[in-house]
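The values are calculated or read from the model by the stated rules, or taken from the named source; none is laboratory data. No experiment lies behind these values; they were computed from the predicted model shown. FYI the Cβ positions are ideal-geometry reconstructions off the backbone, even for glycines, and counts take in every protein chain you see.
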Amino acid sequence: MKDIKIWEFIKSHLEKDEPVILMVVVDSENSSPGRAGFKMAVSKNKEMIGSIGGGKMEHNLVDEAVENLKSGTKILSLKKLYHQGESRLDSSGMICSGAQTNFILTLSKNDLIIIEKITNSICNNKQSAIRLDSNGLNCIETNMKKKKIVFTFTDQQNWMYQENICLQDTIYIIGGGHVGLALSKIMSFLDFNILVIDNRVNLQTMELNEYADEKVIIDFNEIDKYLVDGENAYIAIVSHTYKTDELVLQKVINRNFKYIGLMGSKAKVKEVMSDMKRLGYDEDKIKNIHSPVGIEINSETPEEIAISIAAEIIKIRNS
C-alpha cells in the first residue's frame with residue numbers, strides 16, 4: 001500500500017472534523033509480521049486503511065482504537081509487543097516470534113496542517129521526513145538522500161522515529177504491453193511509484209493501465225530524459241521488440257539503477273548480451289543485468305512473468 005493513500009485517508013476525515021487513530025510500527029525484530037514503517041489508520045466507524053501486521057494483534061488494536069474514538073479518549077502511546085502467544089503480559093497474542101514496537105496516536109482537525117504538509121511533500125517529491133516522538137507527529141525538512149528509517153529509544157519520554165517520505169521507490173516499466181500492464185498491477189500493491197514508457201500510440205494495454213502513476217509515449221532514443229536513477233530506482237525492460245530492448249539497455253546500462261531487468265528467452269538474451277559486448281560495454285555491468293528477468297518459476301503468462309519480476313525486485317530491495 002502506498003503511504004500517500006493512508007495520509008490522504010487521514011486528511012479526508014480530518015477535513016470533516018472526524019478524528020482518526022494513526023498506528024505506525026517504529027521498530028521490529030526477527031520474524032515480526034509488522035515491519036518498521038508499516039502504517040494504518042482507523043476511523044470511529046471502523047473504516048481502516050493499511051496494516052501493521054495483521055492477525056489477532058491488529059484486530060485487538062483496531063477494536064481499542066474504535067472504542068477510544070467513540071469515547072473521545074485521546075491516545076499517544078508507544079508499546080513493544082512480543083509475538084509469543086499468551087506467555088507474557090506484553091504479548092501480542094500472536095505466535096510468529098519476534099517483536100514490534102507500535103506508536104499509536106489520535107489525530108484531530110488541529111493536526112490537519114501537518115497532514116497536508118506530509119501529503120504535499122510526497123506529491124511534490126520534497127525532501128521531508130515524518131518525525132514521531134513523545135510530543136506526537138511532525139513533518140520536517142531533511143537532506144537524507146536515501147529512503148531511511150531511524151529509531152532511537154532511551155525511555156518513554158526520550159525516543160524518536162524518523163522516516164524519509166519523499167524518496168519513494170520507483171519502477172520504470174519499459175513496455176506498456178500485456179506484461180507491462182500485469183507488472184504495473186502487481187507493483188501497485190508494493191508501494192512503488194510506477195512509470196510506464198512505450199513508443200506506440202493508441203496501445204490498448206496502455207489505455208487500460210489504471211495502475212501506473214504516469215504513462216508516457218516517447219521515442220526510445222529520448223528515454224534518458226524520463227529516467228531518474230539512484231538507489232530507489234528500478235527498471236524492467238519488457239518492450240515489444242528485440243531492437244527496442246537493446247536500445248533501452250544501451251541507454252541505461254551505465255547509469256546508477258538499483259535493478260535492471262531484461263525480459264526475453266535465453267536465446268534472445270544471449271544475442272543481446274553478445275551485441276553489448278561487441279559494442280564495448282563493460283562486462284561487469286553486463287553481468288549485473290537480470291536476464292532472463294525474474295525469479296525462475298517456469299512462468300508463461302504475462303501475470304506469471306510479472307509475479308516473477310516483482311519477486312526478484314522485492315528480494316533485491318529487502319536484501
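Looking at Val66, is it modelled with pLDDT of 95 or more and over 19 Å from the mean Cα position of the chain (by Cα)? Considered against the rule, which asks whether it is modelled with pLDDT of 95 or more and over 19 Å from the mean Cα position of the chain (by Cα), Val66 comes out as yes. With respect to Ile313, determine if the residue is in a helix (DSSP H, G or I), in contact (Cβ under 8 Å) with a residue 24 or more places away in the chain and touching a Phe, Trp or Tyr at 6+ places or on another chain (Cβ under 9 Å). Considered against the rule, which asks whether it is in a helix (DSSP H, G or I), in contact (Cβ under 8 Å) with a residue 24 or more places away in the chain and touching a Phe, Trp or Tyr at 6+ places or on another chain (Cβ under 9 Å), Ile313 comes out as yes. Selection of the stretch 164-205 for residues being of a type in the set (Lys, Arg) and either under 27 Å from Glu141 (Cβ atoms) or touching a Gly at 6+ places or on another chain (Cβ under 9 Å) (or both) yields only Arg200.
Out of Ile260, Ile297, I need the residue that is surrounded by 13 or more Cβ atoms within 10 Å (Cβ to Cβ), β-branched (Val, Ile, Thr) and not in a helix (DSSP H, G or I). Which one? First the steps, then the outcome.
Details: Ile297 fails: surrounded by 13 or more Cβ atoms within 10 Å (Cβ to Cβ).
Only one candidate passes the filter, namely Ile260.
All conditions but one from (1) under 19 Å from Ile130 (Cα atoms); (2) buried (at least 22 other Cβ atoms within 10 Å of the Cβ) apply to Leu14; the one that does not is (2). Only one entry in Ile149, Ile173, Ile194, Ile165 is under 19 Å from Leu22 (Cβ atoms) and in contact with a helix residue (DSSP H, G or I) (Cβ under 9 Å, 6 or more places away or on another chain), namely Ile165. With respect to the conditions (1) surrounded by fewer than 18 Cβ atoms within 10 Å (Cβ to Cβ); (2) among the acidic types (Asp, Glu); (3) more than 16 Å from Ile309 (Cα to Cα), Asp191 lacks only one, and its number is (3). Exactly one residue out of Ile171, Ile194 is under 28 Å from Gly37 (Cβ atoms), in contact (Cβ under 8 Å) with a residue 60 or more places away in the chain and under 14 Å from the mean Cα position of the chain (by Cα): that is Ile171. When the stretch 26-63 is filtered for residues that are outside any strand (DSSP E or B), at pLDDT 90 or above and hydroxyl-bearing (Ser, Thr, Tyr), only Ser51 remains. Only one of these is more than 10 Å from Ile173 (Cβ to Cβ) and either buried (at least 22 other Cβ atoms within 10 Å of the Cβ) or free of Cβ contacts under 8 Å to residues at least 40 places away in the same chain (or both): Glu231, Glu222. Name it. Glu222 is the lone residue from the list that is more than 10 Å from Ile173 (Cβ to Cβ) and either buried (at least 22 other Cβ atoms within 10 Å of the Cβ) or free of Cβ contacts under 8 Å to residues at least 40 places away in the same chain (or both). Across the stretch 263-288, the number of residues qualifying as surrounded by 16 or more Cβ atoms within 10 Å (Cβ to Cβ) and in a helix (DSSP H, G or I) comes to 6.
Got a number for residues in the stretch 116-134 being part of a strand (DSSP E or B) and either surrounded by fewer than 20 Cβ atoms within 10 Å (Cβ to Cβ) or not assigned by TED's automatic domain parsing to the domain that holds Val25 (or both)? So the count comes out to 2.
Within the stretch 234-261, the set of residues being among the hydrophobic types (A, V, I, L, M, F, W, C) and either free of Cβ contacts under 8 Å to residues at least 60 places away in the same chain or outside the structural domain of Met273 (by TED's automatic domain parsing) (or both) comprises Leu247, Leu249, Val252, Ile253, Phe257, Ile260.
Quick test for you: out of Asn102, Asn110, pick the one residue that is exposed (fewer than 14 other Cβ atoms within 10 Å of the Cβ) and farther than 23 Å from Ile316 by Cα.
On the way: Asn102 fails: exposed (fewer than 14 other Cβ atoms within 10 Å of the Cβ).
Of Asn102, Asn110, the one residue that is exposed (fewer than 14 other Cβ atoms within 10 Å of the Cβ) and farther than 23 Å from Ile316 by Cα is Asn110.
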